[in-house]
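Report on the following structure.
The values are calculated or read from the model by the stated rules, or taken from the named source; none is laboratory data. Quick caveat: nothing in here was measured; it's all calculated off a predicted structure. Cβ placement follows ideal geometry from the backbone for every residue including glycine, while neighbour counts extend to all protein chains displayed.
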Amino acid sequence: MRKYGVPVFIAVVLILPFLYLPALSVAGTWKYPFLLPASWSPEHWERLFGAHQGFVPVVIHSVLLSGSVALLTTGTGFFLGRLLSGDAGHRQIQAVGYLTYAFSPVIYAYCLQFFFLKTGMSGTVPGVIIVQFLLFFPFSVIYFISHWGRNMKALEELCFTLGASRRDAWILALLPVSAPAIRTAFFQIFVFSWFDFGLTRVIGQGRVSTLSLTVWQYLAEADPHIAAAGSCLLLLPPAILMLINEKNIRFKP
């Protein structure tokens, strides 16, 4: 039993927050020192979707914003990574890309805020998409530089040797082989954007609403039950993407 003690303890610690949030969102009266609530009620979920009429549009807006950032960043990183992988100095380029993550995203946003104010992009959805793209783009490029290694180049040369055109090589070989890498990058960047708080708050200036900002607002208003319900929805898309990605990896032909 002792050898299972530490793994079980770690599992409980990791799982407990994911059990606590749903429980808090449907808890009625929950006072210390009781381990479980005295009553259960869907009241907080009803308030979330009833009294807060703008909540559903915020969720849809967040999905579209994060999806746009992930699509734009993954696509540009995929093709630029291919171009840079053949450059002799791509390691120096990768080193420069890591500088973006040398300090806090909030500080990064404040450094760029002047340019967004001057161009009128501050407080707009395109402005938030651009600033998130600027932060996540180096990650995408670095990720795909590694993807476009010797094996991919050898595969492309093999296609040409067998008489395939450039178009056929892309459609029949390169893109299908790259699909898992593209999917993983898209999911990862979507999650980065979905949970982003600092960039959206600074550049969005409170005029661009996302689910993460809304949940923070509920916490600031000292409404933990509503915040817990919002947090459950905040965790839902990343959990779905993780399950999809895991399924595709597990059942990969």
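Just to be sure, is S62 touching a Phe, Trp or Tyr at 6+ places or on another chain (Cβ under 8 Å), outside any helix (DSSP H, G or I), in contact (Cβ under 8 Å) with a residue 12 or more places away in the chain and among the polar types (S, T, N, Q)? Answer is no for this residue.
Report yes if R207 is in contact (Cβ under 8 Å) with a residue 12 or more places away in the chain and outside any helix (DSSP H, G or I), otherwise no. Yes.
Given the options V131, V141, name the one that is farther than 18 Å from F78 by Cα, touching a Leu at 6+ places or on another chain (Cβ under 6 Å) and either aliphatic (A, V, I, L, M) or assigned to a helix (DSSP H, G or I) (or both). Exactly one of V131, V141 is farther than 18 Å from F78 by Cα, touching a Leu at 6+ places or on another chain (Cβ under 6 Å) and either aliphatic (A, V, I, L, M) or assigned to a helix (DSSP H, G or I) (or both), namely V131.
Residues in the range 44-59 that are assigned to a helix (DSSP H, G or I) and more than 15 Å from C232 (Cβ to Cβ): how many? Don't jump to the end; show me each part of the working.
Our first condition is that a residue be assigned to a helix (DSSP H, G or I); within the range 44-59, this holds for 44-50, 55-59.
Subset that is more than 15 Å from C232 (Cβ to Cβ): 50, 57.
Residues in the range 44-59 being assigned to a helix (DSSP H, G or I) and more than 15 Å from C232 (Cβ to Cβ): 2 in total.
In a residue-by-residue description of the range 64-79, the property of being at pLDDT below 80, under 29 Å from the mean Cα position of the chain (by Cα) and either surrounded by 15 or more Cβ atoms within 10 Å (Cβ to Cβ) or at positive phi (or both) applies to no position.
Scanning the range 91-121 for residues that are closer than 24 Å to L80 by Cα and part of a loop (DSSP other than H, G, I, E, B) gives a single hit, A102.
When V125 is tested against (1) surrounded by fewer than 20 Cβ atoms within 10 Å (Cβ to Cβ); (2) more than 24 Å from T214 (Cα to Cα); (3) of a type in the set (V, I, T), exactly one condition is not met: (2).
Considering the range 22-33, the residues that are out of contact with any strand residue (DSSP E or B) (no Cβ under 7 Å at 6 or more places or on another chain) and surrounded by fewer than 16 Cβ atoms within 10 Å (Cβ to Cβ) include one that is farthest from L199 (Cα to Cα), namely P33. Pull up the range 100-145, narrow it to residues that are among the polar types (S, T, N, Q) and in contact (Cβ under 8 Å) with a residue 40 or more places away in the chain, then point me to the one that is nearest to V177 (Cα to Cα). Per the criteria, the residue is S140.
Is the range 197-204 home to any residue that is assigned to a loop (DSSP other than H, G, I, E, B), under 17 Å from V69 (Cα atoms) and not polar (S, T, N, Q)? Yes: one or more hits.
For the residues L36, L19, L14, the requirement of being modelled with pLDDT of 75 or more, part of a loop (DSSP other than H, G, I, E, B) and surrounded by fewer than 12 Cβ atoms within 10 Å (Cβ to Cβ) singles out L36. Residues in the range 216-231 that are crowded, with 16+ Cβ neighbours inside 10 Å and either modelled with pLDDT of 85 or more or of a type in the set (G, A, S) (or both): A227, A228, A229, G230, S231.
Set side by side, the residues A169, A154 differ, and just one is touching a helix residue (DSSP H, G or I) at 6+ places or on another chain (Cβ under 7 Å), of a type outside the set (S, T, N, Q) and at pLDDT 85 or above, which is A169. Restricting attention to the range 142-181, the residues that are under 30 Å from L211 (Cβ atoms) and surrounded by fewer than 18 Cβ atoms within 10 Å (Cβ to Cβ) add up to 2.
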